[in-house]
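Novice: I'd like to ask you about the structure that follows.
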Amino acid sequence: MAVSMSRRIFRSFGSLYAFGRCDRGSLRTSDTLYAHVSGDNLFSVESSTFCKSGPSFIAYRRLSTSILTPESSEAGFPSDLLSKKIVPTLERTIGLYQDLVIPVTNFHNEDKGFMVLAGDVFDVPIRKDIVHRVVRWQLAKRQQGTHSTKTISEVSGTGRKPWPQKGTGRARHGTLRGPQFRGGATMHGPKPRSHAIKLQKKVRRLGLKVALSARAAEGKLLVFEDLEVPTHKTKNIVNFVKQMENSKKLLLVDGGPLNEKLKLATQNLHYVNILPSIGLNVYSILLHDTLVMSRDAVNRIVERMHTPINR
């Protein structure tokens, strides 16, 4: 009798969880239920609360200390009461300046422990307007500005008056090198100049923090112990990229000088680029969907972000 009652209760909870028919204002809470099943094995549910919160459902369940698996024998625990569904978890709120713990690995997918990422660098609020300003500043500053055209005093040709002022019936002209003639000058054309615009240092620094936080929030930030590769063969990097899911372009960032073997291994791959930590910028991060940083690079970036701005 107790077994059948517990099964009915849990089936009703399972259907409620599957269809998500739980009102926001009402919470269904079951008191502590105990069902004696097959000897001394005891299954308890205390204060099971189901509510709709955004896209996910939160269920708090306190189970017994026994390790239960679907492969358990029928004498130990009924297998039909064991759920194979993925337990929903709370989604992390972005931009709370909380320190992040991320696993550290390498090109061989070896476990190298964990690393704590500073929250004031890798968990700042996402600001698209700041990213837009920084990208405009970068693209404007990198323009060469070497465009040039010739004025009427620089163009090659004679300065003699082509025909008399009056008597020919033609329009009056004083030179054949004016802008209206073929081979003549260009009026108000571009001259060599700088296209750079001014942007505060704190805004540039904030843009880099936002870009790093966005990659960390997407799960596209990987931390390696180092970027050492065994050989300079390109196939090693190709095999590593193939193992990654949903990665089309890869940016490798190392702390110090770039490894020569790594440079040779990636120079023929248009979808893999490498940068030192001092050259990491917002535009390069946006061009690549996956960011791989060494432990040394992360430490240097955090140190750079924490350095006071010289005014």
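Novice: With θ taken as phi - 60° and the coefficients 6.51, -1.76 and 1.60, list the Karplus ³J(HN,Hα) couplings across the stretch 249-266 in order, rounded to whole Hz; mark glycine and proline as x.
Specialist: Values per residue, Gly and Pro as x: 10, 10, 10, 9, 10, 10, x, x, x, 6, 5, 5, 5, 5, 5, 5, 6, 10 Hz.
Novice: Let me ask another. Mind grabbing the base-10 log of I(q)/I(0) for the stretch 88-173 at q = 0.17, 0.24 Å⁻¹? Debye formula, identical points on the C-alpha positions, no solvent, two decimal places.
Specialist: -0.98, -1.14
Novice: Using only Cα atoms, what is the ratio of the radius of gyration of the stretch 115-162 to 2.2 N^0.38 Å?
Specialist: The stretch 115-162 yields a ratio of 2.57.
Novice: Okay, next question. Would you work out what percent of the accessible area of the stretch 238-311, with all protein chains in place, is carbon or sulfur (probe 1.4 Å)?
Specialist: Here it works out to 51 percent.
Novice: Work through the residues other than Leu264 whose Cβ is under 15 Å from its Cβ and net out their charges, Lys, Arg +1 and Asp, Glu -1.
Specialist: +1
Novice: Here's something else I'd like to know. Accessible area per residue of the stretch 196-311 at 1.4 Å probe, in Å²?
Specialist: Accessible surface, normalised per residue, equals 53 Å².
Novice: Using θ = phi - 60° and the Karplus relation 6.51 cos²θ - 1.76 cosθ + 1.60, list the HN-Hα couplings for the stretch 217-223 in order, rounded to whole Hz, with x at every Gly or Pro.
Specialist: 3J(HN,Hα) across the stretch 217-223, in whole Hz: 5, 7, x, 9, 10, 10, 10.
Novice: Pop out the carbon and sulfur fraction of the accessible area of the stretch 130-218 as a percent, whole number, probe 1.4 Å.
Specialist: Percent of accessible area from carbon and sulfur atoms in the stretch 130-218: 51.
Novice: If you consider only alpha-carbon coordinates, what radius of gyration and Dmax does the stretch 126-220 have, in Å?
Specialist: Gyration radius and largest Cα-Cα distance of the stretch 126-220: 25.3, 81 Å.
Novice: Using only alpha carbon positions, build the gyration tensor of the stretch 236-311, then give the equivalent ellipsoid semi-axes as the square roots of 5 times its eigenvalues, largest first, whole angstrom.
Specialist: In descending order the semi-axes read 25, 14, 11 Å.
Novice: Which pairs, out of Lys141/Lys220; Lys128/Lys198; Lys202/Lys248, put more than 22 Å between their alpha-carbon atoms?
Specialist: With Cα atoms farther than 22 Å apart: Lys141/Lys220; Lys202/Lys248.
Novice: Each residue of the stretch 111-122 in order: what ³J(HN,Hα) in whole Hz does its phi give by Karplus 6.51 cos²θ - 1.76 cosθ + 1.60, θ = phi - 60°, with x for Gly and Pro?
Specialist: Result, rounded to whole Hz: 6, 10, x, 10, 9, 9, 9, 4, x, 7, 10, 10.
The values are calculated or read from the model by the stated rules, or taken from the named source; none is laboratory data. Remember, predicted model here, so these are calculated numbers, not experimental data. When we count neighbours, we look across all protein chains shown, and the Cβ atoms used for this are built from the backbone with ideal geometry, even at glycine. When the accessible area is computed, the model is the full protein with side chains, heavy atoms only, and any ligands, DNA or RNA have been set aside. Shrake-Rupley method; radii C 1.70, N 1.55, O 1.52, S 1.80 Å.
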